[in-house]
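To start, the structure under review is shown below, and the notes come after it.
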Amino acid sequence: AAFDVIAYYPYDREPGSVDDYIFEVRGDQSADGFTLSDLMWAKAEGVERSGGDVVLNFRHKLSRLDINLVKGEDYEGELPETAEVRIMNTVTTASMDLERGEIEKNPYGKEGTIKAHPNGVGSYSAIIVPQMLLNQVPLVEILVNDVSYIVSSKFIFESGVRHTMNVTLSSDPNKVVINIGGGISAWN
């Protein structure tokens, strides 16, 4: 007899529900919280018991935001190595149908703040639950040497898509310029 194999990462000893699995991204993704927030899913259908190894092609189910800090013409000095980047006003829990791989923002989820993962000087990433921010909201805060830069934006975070945001810093925190790039549907 053939059967379907479903797998997901990170492992949860008690997923609670197969058709409404609630998953929460970590509020602090600056270290291993980044990897532990990256919900991945795979399914192999019609697997035979004696068929040998089962090939599972995992896919990212959440959204990823890469933030690049850029020095503006009037920005003094070098980009700081100790900046902190936070993503605000996004719901941090998702509801997933593990059998079908469909995911959505948890309709009862609360908005939270996520501390992004530093990739190197001026480069940060965060894993975010897929959702639509249809109104202009404070979305990204960049803390540099006790100065807070706030980026407000509308945004559509899509499942399995890696989005890029370039933020040009100025010496005046009120003159921040953002440029949102296209999404990449596959990332390593």
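Key figures for this structure:
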{"item": "Portion, in percent, of the accessible area of the chain that falls on carbon or sulfur, probe 1.4 Å", "result": "46"}
{"item": "Spin-label model distance (nm) - S17 vs A2, 7 Å beyond Cα toward Cβ", "result": "3.0"}
{"item": "Cβ crowding within 10 Å averaged over residues, with 132-143, 29-40 ranked highest first", "result": "29-40, 132-143"}
{"item": "Contour excess over end-to-end distance, with Cα ends at E111 and T93 and 0.36 nm allotted per residue", "result": "5.6 nm"}
{"item": "Solvent-accessible heavy-atom area per residue, rounded to whole Å², over the chain at 1.4 Å", "result": "56"}
{"item": "Order by protection proxy (mean Cβ within 10 Å, highest first), peptides 108-118, 68-78", "result": "108-118, 68-78"}
{"item": "Loop chymotrypsin sites (Phe, Trp or Tyr not before Pro), region 154-187, which have at most 13 other Cβ atoms in a 10 Å radius of their Cβ (DSSP)", "result": "W187"}
{"item": "Listed values [x] 9, 34, 30, 16, 8, 3, 1; [y] 10, 37, 35, 14, 4, 0; [z] 9, 34, 35, 19, 4, 0, entry calculated as P(r) over Cα pairs in 10 Å bins from 0, in percent", "result": "[x]"}
{"item": "Over 26 Å between alpha carbons, listed pairs K110/K154; K105/K175; K61/K115; K71/K115; K71/K110; K43/K115", "result": "K105/K175; K71/K110; K43/K115"}
{"item": "For region 122-188: Kirkwood Rh in Å [reciprocal of mean 1/r, alpha carbons]", "result": "13.2"}
{"item": "Estimated vicinal HN-Hα couplings, Hz - region 150-157 in sequence order (Karplus 6.51, -1.76, 1.60; Gly, Pro = x)", "result": "10, 10, 9, 6, 8, 7, 10, 8"}
{"item": "Using a Förster distance of 22 Å, the FRET efficiency for L134-K71 (Cβ separation, nearest 0.05)", "result": "0.10"}
{"item": "Point-to-point label distance, N145-N57, nm (Cα→Cβ direction, 7 Å offset)", "result": "4.9"}
{"item": "Distant-in-sequence amide H partners of V137 (H built 1.01 Å from N, under 5 Å)", "result": "S153, K154"}
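The values are calculated or read from the model by the stated rules, or taken from the named source; none is laboratory data. Model, not experiment: these values are computed from the prediction. As a convention, Cβ positions derive from the backbone with ideal geometry for all residues, glycine included, and neighbour counts pool all protein chains shown. What goes into the accessible areas is simple: the full protein's heavy atoms, side chains included, and nothing from ligands, DNA or RNA. Shrake-Rupley method; radii C 1.70, N 1.55, O 1.52, S 1.80 Å.
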